[in-house]
Amino acid sequence: MTLPPGQRVADGFPRFGKHLHHPPPPIPADPVLAVSGPLTETITLSQRDLAQLPRQERKADFHCVAGWSATGLRWEGTPFETFYRTRVEPLIEPGATITHAVFEGLDGFKSIVLLEDALADDVLLADRLDGQPLDGDHGAPLRLISPGQYGFISTKHLCRIEFHTSEPPVSDRLSPISGHPRARVWREERNRYLPGRMVRPVYHWLIAPIRALSARGSVKPPVPLGGEPS
């Protein structure tokens, strides 16, 4: 098995996330996906609306920026490109050129994604994992999955997508661990300012404490993580 630079195989698929030791956000009784931006109208899609779009199943690894990788996962959902071409593109205001998308979760986490990256052919709006509906630990009811980018791009508990004609402001831009805007795993784009190889040891060191905190809020027993630094 060939992994991207600096990654180590995890045993299972551990829970990492914004909320750490807190439980995942409750799933709404009738979850919806709100879509806004320079569009002729704002749209809100129900699970039934999304289910009517073409679906795909993709086998893809998940690479955390901290340095672990969960391999051989089977994701199922709607290709983001299909969603964009059929439900968003026809509504773009005349003269507007979309460059970025902001994906927001029910937990308040946001990822900013270059449209070029979001339209890659392996990017999904996923609602199933390994043949089962997503659980709270891994992003129920809906999440973005972008296998070619580090996991912080793949927003969990997706409830809103906002499109932009330029890069939106980044709230953690001044942070020393601010994520790279492209986050491409094969180029090891971990950090906005520093080479991936330079920050790799620090990020590896963070695996164990973050995993321990995240496991406290898990909806199921924690999974041991293989390949942790000693």
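The values are calculated or read from the model by the stated rules, or taken from the named source; none is laboratory data. Everything quoted here is computed from the prediction, not taken from an experiment. When we count neighbours, we look across all protein chains shown, and the Cβ atoms used for this are built from the backbone with ideal geometry, even at glycine. All accessible areas refer to the heavy atoms of the entire protein, side chains included, with ligands and DNA or RNA removed. Shrake-Rupley method; radii C 1.70, N 1.55, O 1.52, S 1.80 Å.
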(request) Roll a 1.4 Å probe over the protein chains and send me the accessible area per residue for region 1-148 in Å². (result) 45 Å²
(request) Could I have the simple spin-label model distance between SER36 and PHE109, label points 7 Å from Cα toward Cβ, reported in nm to one decimal? (result) 2.2 nm
(message) Over the Cα atoms of the chain, each weighted equally, I'd like the Debye log10 I(q)/I(0) at q = 0.09, 0.12, 0.16 Å⁻¹, rounded to two decimals.
(response) -0.35, -0.64, -1.17
(message) Can you tally the net charge around ARG182? Count Lys and Arg as +1, Asp and Glu as -1, for every other residue whose Cβ sits under 14 Å from the Cβ of ARG182.
(response) -1
(message) What Kirkwood Rh does region 108-180 have if only Cα atoms enter the pairwise 1/r average? Answer in Å.
(response) 13.4 Å
(request) Please compute P(r) over all alpha-carbon pairs of region 46-150, binned at 5 Å starting from zero, and give each bin as a whole-number percent. (result) 2, 11, 21, 25, 23, 11, 5, 2, 0
(message) Between 0 and 90 degrees, rounded to the nearest ten: what's the tilt of helix 196-216 against the longest Cα principal axis of the chain?
(response) 90 degrees
(request) Heavy atoms only, probe 1.4 Å: what % of the accessible area of region 42-144 goes to carbon and sulfur, would you let me know? (result) 45 percent
